[in-house]
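This report concerns only the one structure given below.
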Amino acid sequence: RKEVEQDPGPFNVPEGATVAFNCTYSNSASQSFFWYRQDCRKEPKLLMSVYSSGNEDGRFTAQLNRASQYISLLIRDSKLSDSATYLCVVKSIFGTGTRLKVLA
Amino acid sequence: GAVVSQHPSRVICKSGTSVKIECRSLDFQATTMFWYRQFPKQSLMLMATSNEGSKATYEQGVEKDKFLINHASLTLSTLTVTSAHPEDSSFYICSARGSLANEQYFGPGTRLTVT
């Protein structure tokens, strides 16, 4: 089993839709979790950290489920500009990324 | 946010030569630096982790004699690809972590092409 796994997608959603991604991890001792966004041929940019209690930043909500060893990212009211690859990071290890395409 | 720079941004070299990539944290002290490699349409693969003043820890399958990492100061780490081959052509990205262990900041990446 890979250390960090994501559904590669692509997720094609219409503008305004709500979309959720999950990311599973194998190391139960992991303490740090993040979501990054990567646009084509650019470096990843931190989207948000993931806290045990869950956290929200505008349209984005991140949650951690330690019992099932996964983190999630929810995007509400999707915008065209949200189209990108979303990478989860667990203790410096990246998932394979999930591609999101928001369609007009 | 914090700024991490990489140099060069692009490099083309001939097979058999060595290439050095620099990673600098510009406005904070990076106690830990990470080197990643990303092949087209794939995710970032962690190559090695280095702490200032100590030897780098390499991930399984990464040859430490081929990918030399030096983290001599709190603001600079270098990755040297020795005797480069075409299969080493990739996008190399560094990231740095300061005293706040919860965030990493990424450099813009270096695209290496070995001919």
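Just a few scattered comments:
- Diffusion coefficient of chain B by Stokes-Einstein, Kirkwood radius over Cα pairs, 25 °C, 0.890 mPa s: 176 µm²/s.
- In Å², nearest 10: area of A:Lys2 left accessible to a 1.4 Å probe: 120
- Each DSSP beta bridge with both residues in chain A is either parallel or antiparallel, and the antiparallel ones are about 90%.
- Across B:Thr113, B:Thr80, the residue with the most accessible area heads the list, and the full order at a 1.4 Å probe is B:Thr113, B:Thr80.
- Cα centroid of the range A:29-70 to Cα centroid of the range B:44-62, whole Å: 23
- Proximity of backbone amide H atoms, modeled 1.01 Å from N, is registered between B:Leu76 and B:Ser25 at under 5 Å, excluding neighbours fewer than 5 places apart on the same chain.
- A:Lys101 sits with roughly 80 Å² accessible to a 1.4 Å probe, with DNA, RNA and ligands left out of the calculation.
- Neighbour cut-off at most 16 other Cβ (10 Å), DSSP loop, GluC sites (Glu not before Pro), the range A:1-71: A:Glu3, A:Glu15
- Of the residues B:His71, B:His85, ranked by 1.4 Å probe accessible area with the largest first, the sequence reads B:His85, B:His71.
- Scaled radius of gyration (Cα, divided by 2.2 N^0.38 Å) that chain A gives: 1.00
- Free-standing Cys, chain A [no other Cys Cβ under 4.7 Å]: A:Cys40
- Members of A:Lys91/B:Lys20; A:Lys2/B:Lys14; A:Lys2/A:Lys42 lying beyond 32 Å, as alpha-carbon distances in this model show: A:Lys2/B:Lys14
- Over all pairs of different C-alpha atoms, the protein assembly as shown has a mean inverse distance whose reciprocal, the Kirkwood radius, equals 18.0 Å.
- Unmatched cysteines, chain B - criterion: no other Cβ of a Cys under 4.7 angstrom: B:Cys13
The values are calculated or read from the model by the stated rules, or taken from the named source; none is laboratory data. Note that this is a predicted model, so its numbers are computed, not measured. Here the Cβ is made from the backbone with ideal geometry for all residues, glycine too, and neighbour counts use every protein chain on show. The protein model used for the area step is the full one, side chains on, heavy atoms only, and it has no ligands, DNA or RNA in it. Shrake-Rupley method; radii C 1.70, N 1.55, O 1.52, S 1.80 Å.
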